[in-house]
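The values are calculated or read from the model by the stated rules, or taken from the named source; none is laboratory data. All values derive from a computational prediction rather than experimental measurement. Here the Cβ is made from the backbone with ideal geometry for all residues, glycine too, and neighbour counts use every protein chain on show.
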Amino acid sequence: MAHLFKLLVTLLCLGLQCGLSQAAAVDLESVSSSSSSSEATRDWWQVAQFYQIYPRSFKDSNGDGIGDLQGIISKLDYLKDLGVTATWLSPIYTSPMADFGYDIADFFDIQAEYGTLTDFDELIAAANERGLKIILDFVPNHSSDENVWFQKSVRREKGYEDYYVWHDGYLNATTGQREPPSNWLQAFRGSAWEWNEQRGQYYLHQFAVKQPDLNYRNPAVVAQMKRVLTYWLDRGVAGFRIDAVPWCFEVVPDAQGRYPDEPLSGYTDDPDDSSYLKHIYTQDLPETVDMVYQWRQLLDDYKRIHGGDTRVLMVETYSGLDYVMQFYGNRTTKGAQIPFNFQFIVGGQGDKNNTQLNAVGFVKIINSWLTQMPAGQTANWVMGNHDQRRVGSRYGEDRIDLMNMLQMFLPGVSITYQGEELGMTDLDISWEDTRDPAACNSNENIYEQFTRDPARTPFQWSSEQNAGFSSNSTTWLPINPNYVTVNVETESAADSSHLKLYKLLVQLRQSKTLQYGATRYAAVNDNVVAIKRSLSGQPTYVLVANVLGTSVSGVDVASALYASGSYKITLLNPQAQAVVGASVTLNSLSLPPYAALIVESV
């Protein structure tokens, strides 16, 4: 949800820029702090290839213009062929779709547009047959206002009185008008408090009005959400990606029952914009970290009781790294195996435009995670998702292959958002066609600052009508016109394509060197990022990438990486203008603009 964190992104960018100048002046070379580990100690998720599916846009099986579970089932062989071993699905629960599934009316059932529980069980079985694991989005912070829990809470039914965060608010002595309990702002613009006439109180909603916040200071809520997790574990899921984690807890009222106002951020003068305030009372509280630890314990207990593979926990948070790293756990308690690493999203120029980011900037982003990650943990790399501009639009279309090569080559877990393997790019969506509530809550003049729709357009399967996504005359979002050439069918048949290179990268990533080897990386100059992966008794691999639009020559990668010996080209992008198998001299390389190649020791 990058648009929700503009203030945080700006602060992180300033910090990165400051750090970049220091890195450029002092030392551009770093060695990964994560040591190599033996194959015997690696769990399935540490060597998996993760793939995010946005079900609404993946594949429509029944011709209504909306993706569904049967559509996913029909494309499991594509995922298997791609090399994917685990896929997490954006929400598929029953929902009025105010926020396209992140407003859940029933945590125990499937949205009718997507299918039924029978379809879900079929999906699990079909995935298992292909060695694929299914991970679900878990949305713990809030429900839909159409959820029966909220309706009971509105009526103050026994056991549900405090299921949500309620407050009387205040009466302005001067104007006589009712006012909300605090100045808190929701992520989708405007007050985070909404008056409910039936109950006669305000309720907190840090997202849309139709997404009331659950009250995690109520033990009944904590127990209920654990039941949700157990229910889906019983149906065979391999784990969960936890949505919007930082918001789960907010501060308690003071002795007078008042919630404190949050201070101004100074980032914007728009009083309705979430980034108008510093969210020191509504995000990143320590209780949230402990809640994640409890969920991890539940998953571990489930494995201990029921057997099977480890159930994995992923965490979505764009918070500062000091807070994010706490989700890994501590010396006595295990946390999430995969707190998402969004540094390639919030780093550089943030989610808007990184087309000019140089090699020093790339290395700073890599370094920011690897040097702060706790010892013994596994790194992960997330280049994009359904809340971000697509990688090709954010970093530049000339860098699409380069970014996939970088993601697959770095140590740790790789997570791909659907379509990035094809080089799909954003589509500018008109105000009339805009569906995202983050944009719809603004206006025609500023909606493009907030919309997430451009990266959510339907998946491009072929050059047929509607990109082979749906047989309907229309689709829920428009399809990018570039589907004529950017699609699975065309790229599969081409001699060279983003898709074919992606598959080769997935295969290479399964090598022992890339799974277990040590890592050394450097910005050789402003243009060139170089990474070496090495493991005793195995081939050494080196990735060399010219990240800028200018040619360079005489580049000495060998000295920067201590990479002696002879090398040959194993993989490359078209910009490299070379051939696989050609010998390479690492102490004097010439690289065209945006050239990227992976070489292997011989």
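Here are the numbers for the structure shown:
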item: Given (1) more than 17 Å from PHE207 (Cβ to Cβ); (2) in contact with a strand residue (DSSP E or B) (Cβ under 9 Å, 6 or more places away or on another chain); (3) hydrophobic (A, V, I, L, M, F, W, C), number of the condition VAL251 does not satisfy; result: (2)
item: Which numbered condition ARG241 fails, given (1) part of a strand (DSSP E or B); (2) of a type outside the set (Val, Ile, Thr); (3) within 26 Å of ASP273 (Cβ to Cβ); result: (3)
item: Given (1) modelled with pLDDT of 95 or more; (2) in a loop (DSSP other than H, G, I, E, B), number of the condition ASP401 does not satisfy; result: (2)
item: Residues satisfying the stated conditions in region 427-445, i.e. within 19 Å of TYR54 (Cβ to Cβ), touching a residue at least 40 places away in the same chain (Cβ under 8 Å) and surrounded by fewer than 21 Cβ atoms within 10 Å (Cβ to Cβ); result: ASP433, ARG435
item: Matching residues in region 138-172 - criterion: being more than 28 Å from LYS278 (Cβ to Cβ) and among the aliphatic types (A, V, I, L, M); result: VAL148, VAL154
item: Residue match in region 206-225 (condition: among the β-branched types (Val, Ile, Thr), under 24 Å from the mean Cα position of the chain (by Cα) and assigned to a helix (DSSP H, G or I)); result: no
item: Residue selected from region 571-588 under the condition surrounded by 18 or more Cβ atoms within 10 Å (Cβ to Cβ) and of a type in the set (S, T, N, Q), by the criterion nearest to ILE598 (Cα to Cα); result: ASN573
item: Identity of the residue in region 244-268, of a type in the set (A, V, I, L, M, F, W, C) and not in a loop (DSSP other than H, G, I, E, B), that ends up surrounded by the most Cβ atoms within 10 Å (Cβ to Cβ); result: VAL245
item: Criterion violated by GLY419 - all others in (1) outside any helix (DSSP H, G or I); (2) at negative phi; (3) crowded, with 21+ Cβ neighbours inside 10 Å satisfied; result: (2)
item: Total residues in region 422-454, condition outside any loop (DSSP other than H, G, I, E, B) and either at pLDDT 95 or above or not small (Gly, Ala, Ser) (or both); result: 7
item: In region 511-529, the residues that are of a type outside the set (Asp, Glu), more than 17 Å from SER601 (Cα to Cα) and more than 25 Å from the chain's Cα centre (by Cα); result: ALA522, ALA523, VAL524, ASN525, ASN527, VAL528
item: Residue within region 310-319 that is among the hydroxyl-bearing types (Ser, Thr, Tyr) and closer than 30 Å to TYR170 by Cα present; result: no
item: Total residues in region 279-321, condition among the acidic types (Asp, Glu) and closer than 30 Å to ASN367 by Cα; result: 4
item: Hits in region 95-116 (condition: surrounded by 21 or more Cβ atoms within 10 Å (Cβ to Cβ) and of a type in the set (Ser, Thr, Tyr)); result: SER95, TYR102, TYR114
item: Wholly within region 1-87, helices (runs of 4 or more DSSP H) carrying at least 1 residues that are modelled with pLDDT of 50 or more and surrounded by fewer than 21 Cβ atoms within 10 Å (Cβ to Cβ); result: 69-74, 76-82
